[in-house]
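Below is one structure, written out as structure tokens; the observations come after it.
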Amino acid sequence: MIRDGRYEGQSGGISVTLRVDADGSGVISADVFQVAADGRKAYLASARTAPGTKVALDDGKWPAIWQAGPTNKTTGSLALAQSDGVSVTFVLDAPLNGLPTQTEVVVPVEHKDDALRELGLEIELEQNVPAPSPVIFQGVERTINGCLRGAGFAIKDVGRQSPIPAGIAGAWDDSLLYTMLSDLMLITGDASLRARAWELHLLLLSRAAIPGQAGVMFDAEGLLQRQGAAVFTAGFQGATRDQKIIRTIVHELGHALNLAHRFERVVGRADSTSFMNYDWRYLGGGHEQDYWREFAFTFDADELTFLRHGPLTALIPGGEPFHSVRYWADGGGGHSPYAPEIPFDGYRLTLAAPESGPVFAFGQPVFLKVTLENRTAADLEVERWVLDPKAGPLEILVRRRSDPPADVTAFTPIAQRCMAAMDSTAKLTIPPSGAISNNVNLTFGSAGFTFAEPGEYDITPVLGIPARDPAGEPVQWVVTGEPLRVRITPPQGVAEERDAEVLHAAETGAWFALGGSDALASAGEALAGVRERRQAETGSHDPVVAAIVRTAALDAARPSIRFQDNEYVRRDGDPEQAARLLAGLDARALRTFDPYTAQQTVALAAQYRSAAGD
């Protein structure tokens with residue numbers, strides 16, 4: 001009998017990994033590779049039985065969807081047969097990445113494991129942060145590995161244990177976390193920051209620098225691509241501590257495997273008890289106890305199908321950018337949101353460009369001010385991070401004016417923060433006629449540089465706010481701001497073209513996005529040269545110079561933690577150096593920032609002067 005599980009086999013120069021999941025998702029899928037003379041494999045394409053087709057193994061043959069990339073697809077078929085052993089036969093209806101067309105390819109395969117995929121996992125613990133104990137639910141012991149096994153993954157340990165000294169960071173910010181994950185991944189020898197691999201690396205730490213932050217996952221094109229994450233345990237207390245930590249760890253690993261939050265506006269499933277929902281966002285909020293009563297240590301059906309049978313490039317860490325695969329809308333049943341979206345003009349959402357105007361030099365980091373105004377007669381209660389695209393529901397849509405109207409891209413930051421509304425401090429109240437503001441750094445996201453080409457771009461903010469209609473039914477108010485048009489100028493001469501080579505390197509984009517990072521020190525050094533040349537030519541009010549100086553100050557003020565020669569080394573921050581750097585930004589330089597960023601830069605300068613004793 002053909003049974004569920006993972007099969008592998010090879011015929012000639014073709015290798016196949018087959019996943020049979022008749023009793024689970026009702027899907028059969030495969031990854032196909034070309035085998036070189038030296039035995040190395042090169043990925044060609046993935047296939048799965050067509051959505052809406054429930055596999056019954058007695059049928060033997062099924063229509064299939066073949067995919068070699070997000071837009072490189074065709075149809076075909078998959079068939080299984082058993083005589084002396086199991087074989088898979090596939091046919092493609094049209095050319096795809098060099099695979100034979102309208103020709104049967106037969107590959108014998110052997111059963112390797114009941115699990116459908118294999119995933120390497122490294123978890124490093126900060127000292128005095130205990131790993132969660134197993135939780136008994138419905139008479140079954142629940143562990144991290146067990147939850148992932150239920151999703152279709154056999155887990156193996158990778159890396160080597162290197163306990164992190166307690167309190168070495170005090171509190172962890174994104175830059176320190178990025179550096180630590182980069183160091184640990186590089187010293188394992190098993191993973192590359194630039195290569196996709198079925199390996200994930202997670203830090204289990206005490207406290208984040210941002211109050212209420214429970215976890216974070218990084219995705220930076222060409223760098224740490226959905227391979228590293230962290231979870232913070234200080235906020236989890238009491239009898240449910242272990243249950244919540246296990247859920248949060250699996251939640252962050254789910255992000256690393258390209259799963260989105262269930263409550264997001266585009267997903268619309270706040271009624272979910274999946275790992276990928278928040279307890280405090282369940283059913284629109286106020287139903288935390290209901291969430292934990294219904295939580296069953298599992299993913300939703302569309303998530304399970306994606307984890308088990310999604311195309312390799314969409315799923316594998318290092319593959320397609322985070323949030324770029326709409327698996328929730330690709331199933332046979334279609335997408336069914338929990339709460340209807342209703343446009344709402346009682347709140348106003350606006351973007352503001354720098355005071356110097358909406359024209360940016362080529363390679364200049366793009367900061368904008370975003371403001372949410374309450375124009376109703378009632379108080380508006382929101383999460384403190386509502387205007388932070390890394391953590392909240394704010395979406396930023398970007399379209400280059402020369403592209404078709406439908407070509408709109410949602411900006412996805414390189415750090416995805418997950419928040420826990422643990423106490424009343426998580427909330428802000430916006431009174432009638434009141435407003436709150438934040439800045440958004442749109443320079444570099446998980447898909448790379450947002451404004452990679454000169455030209456005009458329309459930038460539109462969108463915010464979804466859970467609410468109830470007059471009958472008490474759940475709805476989602478959708479507030480859409482007016483597009484802000486900005487212009488990116490081309491390089492002005494040979495010198496700026498040379499600068500652009502530095503400014504548009506992936507390491508540079510991540511350096512700006514993180515506010516500096518020791519793991520990206522080479523980018524900081526290269527930018528120091530750009531700063532020196534431009535400052536000598538145009539002064540400190542050059543917008544690129546001002547952005548480099550501001551980020552260098554943030555980097556200088558922050559402590560550094562590196563893992564070198566098998567030990568952790570801390571270097572304290574240097575607020576005196578940071579203050580000296582910011583002192584070089586005069587009023588004209590500050591005008592190259594949006595008003596919120598300019599105001600915060602002035603406040604930081606005063607803070608650094610005070611810390612330095614000036």
Quiz item: Do you know which of the residues in the stretch 2-41 that are surrounded by fewer than 17 Cβ atoms within 10 Å (Cβ to Cβ) and free of Cβ contacts under 8 Å to residues at least 24 places away in the same chain is nearest to H309 (Cα to Cα)?
Solution: D23
Exercise. Please work out which residue is nearest to P559 (Cα to Cα), limiting yourself to the stretch 188-223 and to residues that are among the hydrophobic types (A, V, I, L, M, F, W, C) and at pLDDT below 85.
Key: L193
Exercise. Identify all residues within the stretch 255-265 that are assigned to a loop (DSSP other than H, G, I, E, B) and in contact with a Phe, Trp or Tyr (Cβ under 8 Å, 6 or more places away or on another chain); write none if there are none.
Key: N258, L259, A260, H261, F263
Quiz item: Quick one: G333 ticks every box in (1) open to solvent by 20 Å² or more (accessible area, probe 1.4 Å); (2) at pLDDT 90 or above; (3) closer than 22 Å to V266 by Cβ; (4) part of a loop (DSSP other than H, G, I, E, B) bar one, so which box is it?
Solution: (2)
Quiz item: Looking at the stretch 531-542, is at least one residue over 22 Å from F362 (Cβ atoms), open to solvent by less than 30 Å² (accessible area, probe 1.4 Å) and assigned to a loop (DSSP other than H, G, I, E, B)?
Solution: no
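Every residue, every condition in (1) at positive phi; (2) in contact with a Ser or Thr (Cβ under 6 Å, 6 or more places away or on another chain); (3) surrounded by fewer than 18 Cβ atoms within 10 Å (Cβ to Cβ); (4) not in a strand (DSSP E or B), yes or no:
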residue	(1), (2), (3), (4)
L80	no, no, no, no
V88	no, no, no, no
V91	no, yes, no, no
A94	no, yes, yes, yes
Q102	yes, no, yes, yes
V106	no, yes, yes, no
A115	no, no, no, yes
P132	no, no, no, yes
Self-check item: Hits in the stretch 556-602 - residues which are of a type in the set (K, R) and part of a helix (DSSP H, G or I)
Solution: R580, R588
Exercise. Tally the residues that are at pLDDT 95 or above, of a type outside the set (S, T, N, Q) and more than 30 Å from A426 (Cα to Cα), restricting the search to the stretch 285-316.
Key: 11
Quiz prompt | Test for A603: is it at pLDDT 95 or above and open to solvent by less than 20 Å² (accessible area, probe 1.4 Å) | solution = no
Quiz prompt | Candidate set from the stretch 339-350 (those that are buried (at least 17 other Cβ atoms within 10 Å of the Cβ) and in a loop (DSSP other than H, G, I, E, B)); member that is modelled with the highest pLDDT | solution = F344
Practice problem: Mind listing just one residue for me: the one in the stretch 74-89 that is out of contact with any Pro (no Cβ under 9 Å at 6 or more places or on another chain) and touching a residue at least 12 places away in the same chain (Cβ under 8 Å) and, of those, farthest from D31 (Cα to Cα)? | Solution: Q82
Quiz prompt | Single unsatisfied condition, E496 versus (1) over 26 Å from the mean Cα position of the chain (by Cα); (2) within 24 Å of Y596 (Cα to Cα) | solution = (2)
Quiz item: Residues in the stretch 226-240: is at least one part of a loop (DSSP other than H, G, I, E, B), closer than 23 Å to T273 by Cβ and aromatic (F, W, Y)?
Solution: yes
Quiz item: Is it the case that some residue within the stretch 449-465 is closer than 26 Å to A270 by Cα, modelled with pLDDT under 95 and open to solvent by 10 Å² or more (accessible area, probe 1.4 Å)?
Solution: yes
Quiz item: Within the stretch 490-530, which residues are open to solvent by 60 Å² or more (accessible area, probe 1.4 Å) and touching a Pro at 6+ places or on another chain (Cβ under 8 Å)?
Solution: P490, E497
Quiz item: Does at least one position in the stretch 473-484 carry a residue that is at pLDDT below 95, within 29 Å of P337 (Cα to Cα) and of a type in the set (S, T, N, Q)?
Solution: yes
Quiz item: Which ones in the stretch 259-303 are of a type in the set (A, V, I, L, M, F, W, C), open to solvent by less than 40 Å² (accessible area, probe 1.4 Å) and closer than 22 Å to R142 by Cβ?
Solution: L259, F275, M276, W280, F295, A296, F297, F299
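If you go through the stretch 205-222 one residue at a time, do you hit one that is out of contact with any Cys (no Cβ under 6 Å at 6 or more places or on another chain), part of a loop (DSSP other than H, G, I, E, B), open to solvent by less than 30 Å² (accessible area, probe 1.4 Å) and among the aromatic types (F, W, Y)?
So far as the stretch 205-222 goes, no, none of its residues is out of contact with any Cys (no Cβ under 6 Å at 6 or more places or on another chain), part of a loop (DSSP other than H, G, I, E, B), open to solvent by less than 30 Å² (accessible area, probe 1.4 Å) and among the aromatic types (F, W, Y).
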Quiz item: Looking at (1) on the phi > 0 side of the Ramachandran plot; (2) open to solvent by less than 30 Å² (accessible area, probe 1.4 Å); (3) modelled with pLDDT under 95; (4) of a type outside the set (F, W, Y), can you tell me which one I561 breaks?
Solution: (1)
Self-check item: Leading residue by the ranking (nearest to A50 (Cα to Cα)) among those in the stretch 68-78 that are open to solvent by 30 Å² or more (accessible area, probe 1.4 Å) and not basic (K, R)
Solution: T75
Quiz item: Residues in the stretch 403-443 that are in a strand (DSSP E or B), in contact (Cβ under 8 Å) with a residue 60 or more places away in the chain and either β-branched (V, I, T) or closer than 21 Å to Q213 by Cβ (or both): how many?
Solution: 11
Quiz item: In the set G357, G319, which member is in a loop (DSSP other than H, G, I, E, B) and closer than 23 Å to I65 by Cβ?
Solution: G319
Self-check item: I249 buried (at least 23 other Cβ atoms within 10 Å of the Cβ), at pLDDT 95 or above and closer than 22 Å to P211 by Cβ
Solution: yes
Quiz item: Residues in the stretch 304-315: is at least one surrounded by fewer than 20 Cβ atoms within 10 Å (Cβ to Cβ) and within 19 Å of D23 (Cα to Cα)?
Solution: yes
Self-check item: Residue count for the stretch 14-56, restricted to those that are modelled with pLDDT of 95 or more and in contact with a helix residue (DSSP H, G or I) (Cβ under 7 Å, 6 or more places away or on another chain)
Solution: 8
Quiz item: Do you know which residues across the stretch 107-134 are β-branched (V, I, T) and either at pLDDT 95 or above or touching a Gly at 6+ places or on another chain (Cβ under 6 Å) (or both)?
Solution: V107, V109
Practice problem: Take the stretch 279-309 and flag every residue that is within 17 Å of the chain's Cα centre (by Cα) and either part of a loop (DSSP other than H, G, I, E, B) or aromatic (F, W, Y) (or both). | Solution: F306
Practice problem: Test each condition in (1) in contact with a Pro (Cβ under 9 Å, 6 or more places away or on another chain); (2) hydrophobic (A, V, I, L, M, F, W, C); (3) in contact (Cβ under 8 Å) with a residue 60 or more places away in the chain for F563 and report the one that comes out false. | Solution: (1)
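The values are calculated or read from the model by the stated rules, or taken from the named source; none is laboratory data. As the structure is a computational prediction, the values presented were derived from the model and not from experiment. Don't worry about glycine lacking a Cβ; one is built from the backbone with ideal geometry, like all the others, and counts go over all protein chains shown. All accessible areas refer to the heavy atoms of the entire protein, side chains included, with ligands and DNA or RNA removed. Shrake-Rupley method; radii C 1.70, N 1.55, O 1.52, S 1.80 Å.
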